[in-house]
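Undergrad: Structure provided below as structure tokens; questions to follow.
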Amino acid sequence: MCPLPVPSFTGRQDTLDEIHQYFAQDRGSRKVFVLHGLGGSGKSQLAFKFAQQAQATNRFSETYFVDATSEQTAESDLKLLGPATSEETAQKGLHWLASQEKEWLLVLDNADDIKLDISKFFPPCTFGNILITTRNPEVGIHGVDLKVSDMTVDDAKSLLLKLAGKKAVGDDKEQVATAIVKELHCFALAVTQAGGYIHACSSLNKYMALYKYSRDNLLQRTEVQGQGQYGLAVYATWNLSYQKLSTGSKTFLHICSQLHYQNIREEMFQKAALSDEKLEDSDLQETVNEMLTAIGGAKQSWECFVFLEIARELQSYSLIEENIVDNSYSVHPLI
């Protein structure tokens, strides 16, 4: 049984329609749809909402949910598929599902482990429907993939006002709510937390003023109510990915946090590494040298492969995004 979406689920209908249209075609053949994006962008909630809508129309014969956070959690759920036997293993569950030649849906949620090939949890058959949520865009190689981006301003505003409840008052509430969600860049988890905070102990106008001076504190705060299964603050969510990064990737993110979030180019760092110019502050120069060395600089040379591996690692957690048109990178404005 797939978890239900949170009662406050709002919008995303264009994305839901796209998922419905994909699974409506070529019935009888295997279909795999991958939702990928930054942690907290709303991937799991989208999957749950889709499963709920599909159940209402009897689109699938059965829906099976697997927590794919790790190999252990996935195997624990998969071994429960099918009738109980003396051999309770994940492979038993997968082979049982492969024997059910029906229009079932398998939801593999939170498949974020970049060292795990998620296809090992696909039933060995040529039919069935699989929906995957992940931070790793490389998982998209297994089927049709879609990046879950920020909400629209209208959807984010509706979500904020819904969660704020009776605390959303005043003739200017629509205008203030719009200003808040724009400050939060319409990031789903951030808007959800803001609505919960306002409902608990603030107002729209007070939150707007507080955010300007206490942004980091608010984004680190966890609201108990209204977040469903998630239960993590924005920064805590991203910290799960950050702690798994190599030193070079962490250094690159630190540098990016001081830059504009768009149009970040390898050439910027390459020129700095190859430059003969020195800072007057020798200690600061040493820190700069250490940071450049961590991301590809080495004794006035540049290791392109090292930098590209760092970029690939960060992309695997959706912490940066590559623009292949102009060969640049961007990070989410809240990072």
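The values are calculated or read from the model by the stated rules, or taken from the named source; none is laboratory data. Here the structure is a predicted model, which means the values were calculated and not measured. Heads up, the Cβs are rebuilt from the backbone with ideal geometry, glycines too, and the neighbour counts pull from every protein chain shown. Only protein heavy atoms, including side chains, enter the accessible area calculation; ligands, DNA and RNA are left aside. Shrake-Rupley method; radii C 1.70, N 1.55, O 1.52, S 1.80 Å.
Undergrad: Accessible area, 1.4 Å probe, largest first: how do Met208, Met1 sort?
TA: From most exposed to least exposed: Met1, Met208.
Undergrad: So what does Asp117 come to for accessible area, using a 1.4 Å probe and Å² rounded to 10?
TA: My reading of the accessible area for Asp117 is about 80 Å².
Undergrad: Once every DSSP H run of n ≥ 4 in the chain is given -39500 (n - 2.57) and the sum is divided by its residues, what mean residue ellipticity at 222 nm do you get, rounded to the nearest 500 deg cm²/dmol?
TA: Theoretical 222 nm ellipticity from helices: -14000 deg cm²/dmol.
Undergrad: In addition: Place +1 on the Cβ of every Lys and Arg and -1 on the Cβ of every Asp and Glu in the chain, take the dipole about the Cα centre, and give the residue among Leu284, Asn263, Val148 whose Cα lies farthest towards its positive end.
TA: Val148
Undergrad: What net charge is computed for the residues neighbouring Trp302, neighbours being all others with C-beta under 12 Å from the C-beta of Trp302, Lys and Arg scored +1, Asp and Glu -1?
TA: -1
Undergrad: Still on this structure, I have one more. Could you do me a favour and compute the accessible area per residue for region 182-295, 1.4 Å probe, result in Å²? It would help to have the intermediate numbers written out before the result.
TA: On the way: 6580 Å² over 114 residues.
Value returned for region 182-295: 58 Å² of accessible area per residue.
Undergrad: For the chain, which whole-number percentage of the solvent-accessible area (1.4 Å probe, protein heavy atoms only) is attributable to carbon and sulfur atoms?
TA: C and S fraction of accessible area: 51 percent.
Undergrad: Most mobile of Gln258, Gln300, Gln220 per a Gaussian network model of the chain (Cα springs, under 10 Å)?
TA: Among Gln258, Gln300, Gln220, the largest GNM mean-square fluctuation belongs to Gln258.
Undergrad: Can you pull the accessible area of Arg312 for me, 1.4 Å probe, Å² to the nearest 10?
TA: 130 Å²
Undergrad: Would you give the gap between the C-alpha center of region 124-157 and the C-alpha center of region 86-116, rounded to a whole Å?
TA: Comparing the Cα centres of region 124-157 and region 86-116, I get a distance of 18 Å.
Undergrad: Rounded, prolate or oblate: which one fits region 183-223, using the alpha carbon gyration tensor with axes a ≥ b ≥ c (rounded when a/c is under 1.5, else prolate when a/b beats b/c, else oblate)?
TA: Rounded shape, in that the Cα axes give a/c under 1.5.
Undergrad: Taking the solvent-accessible surface of protein heavy atoms with a 1.4 Å probe, what is the per residue accessible area of region 25-133 in Å²?
TA: With the other protein chains kept in place, region 25-133 gives 43 Å² per residue.
Undergrad: Between Arg27, Arg12, Arg59, find the one with the highest GNM mean-square fluctuation for the chain; connect C-alpha pairs within less than 10 Å.
TA: Result for the chain, Cα springs under 10 Å: Arg27 fluctuates most.
Undergrad: Between beta-carbons, use under 13 Å as the cut-off and find the net charge around Lys250, counting Lys and Arg +1, Asp and Glu -1.
TA: Net charge in that neighbourhood comes out at -1.
Undergrad: Using a simple charge model, +1 on the beta-carbon of Lys and Arg, -1 on the beta-carbon of Asp and Glu, nothing else, what dipole does the chain show about its Cα centre, in debye to the nearest 20?
TA: In debye, rounded to 20, the chain gives about 1100.
Undergrad: Using +1 on the beta carbon of Lys and Arg, -1 on that of Asp and Glu, and nothing else charged, what's the dipole of region 1-90 about the Cα centre, debye to 20?
TA: 340 debye
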